[in-house]
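The values are calculated or read from the model by the stated rules, or taken from the named source; none is laboratory data. Quick caveat, the model's predicted, so the values are computed rather than measured. In this analysis, Cβ positions are derived from the backbone assuming ideal geometry, glycine residues included, and neighbour counts consider all displayed protein chains. The accessibility values were calculated without ligands, DNA or RNA, using every heavy atom of the protein model including side chains. Shrake-Rupley method; radii C 1.70, N 1.55, O 1.52, S 1.80 Å.
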Amino acid sequence: MKIIPKTQKDFEWVNYKEKQIKDVIKRQVIKLREDLNLVKTIPKKERSFDNTILAIEEAGLPEIETNTIALLSYISPSESVRKISAKMILDLSKQQLEIMHDEDLYRAFSEYKPVGLDEDQSRLYKDMKRSFENMGFQLPKEGQKDLNKIKNDLNKLEQDSSLEINNSRA
């Protein structure tokens, strides 16, 4: 196992305040949109695993950046930081759901034809296909709207209950 040395800079996030938290979430949304828009512009005949499936999977900022905000919602000694972190993670989840629930992105995904994938690639492709199916693209438009509302409501309940449990321990 290779150990990667960490510096003080790697842990600056533990001292984030509201503005820095909001900035990370804003950067994530912008980067996610940019990355996915690039995927949607690729012509059908040029689609590959790397420029479609892997590009969708890796879209946005590295997970470590947004995961630190989620972590702050649980471990920060400051109640205000915990609350704003939880709120921003909830907002991010809603925005990610809206961004990913995009017919053009689904079309781009569907245009890729899986051929010659190794086991890991095949698993990622199948997981992504299942995720798109779970977004309800096979449903009528009204059903898709209802499903999105249910998912957003469920996400909020999950986040609220986690925050409530965490705050009761503080």
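Of note:
- Any hit, the range 162-170, residues being open to solvent by 70 Å² or more (accessible area, probe 1.4 Å) and among the hydroxyl-bearing types (S, T, Y): yes
- Taking the conditions (1) over 15 Å from the mean Cα position of the chain (by Cα); (2) within 23 Å of E98 (Cα to Cα) in turn, N15 satisfies each one other than (2).
- Every pair of residues 6+ apart whose Cβ atoms lie under 9 Å, when the first sits in the range 32-54 and is farther than 20 Å from G116 by Cβ while the second is of a type in the set (K, R) and surrounded by fewer than 16 Cβ atoms within 10 Å (Cβ to Cβ): K40/R107
- When residues of the range 115-148 are limited to those that are charged (D, E, K, R) and modelled with pLDDT under 85, the one most open to solvent (accessible area, probe 1.4 Å): K145
- Enumeration of residues in the range 32-61 that are open to solvent by 80 Å² or more (accessible area, probe 1.4 Å) and either of a type in the set (V, I, T) or more than 10 Å from the chain's Cα centre (by Cα) (or both): R33, E34, L38, T41, K44, K45, E46, D50
- Residue among K83, K156, K87, K151 that is under 21 Å from D23 (Cβ atoms), open to solvent by 50 Å² or more (accessible area, probe 1.4 Å), of a type in the set (D, E, K, R) and touching a residue at least 24 places away in the same chain (Cβ under 8 Å): K83
- Within the range 62-74, if we keep just the residues that are open to solvent by 20 Å² or more (accessible area, probe 1.4 Å) and touching a Lys or Arg at 6+ places or on another chain (Cβ under 8 Å), the residue that is farthest from K40 (Cα to Cα) turns out to be Y74.
- Counted residues, the range 118-129 - those being over 19 Å from the mean Cα position of the chain (by Cα) and farther than 14 Å from N51 by Cα: 4
- Inspection of the range 102-117 finds no residue satisfying the criterion of being in contact with a helix residue (DSSP H, G or I) (Cβ under 7 Å, 6 or more places away or on another chain), within 30 Å of K17 (Cβ to Cβ) and of a type in the set (A, V, I, L, M, F, W, C).
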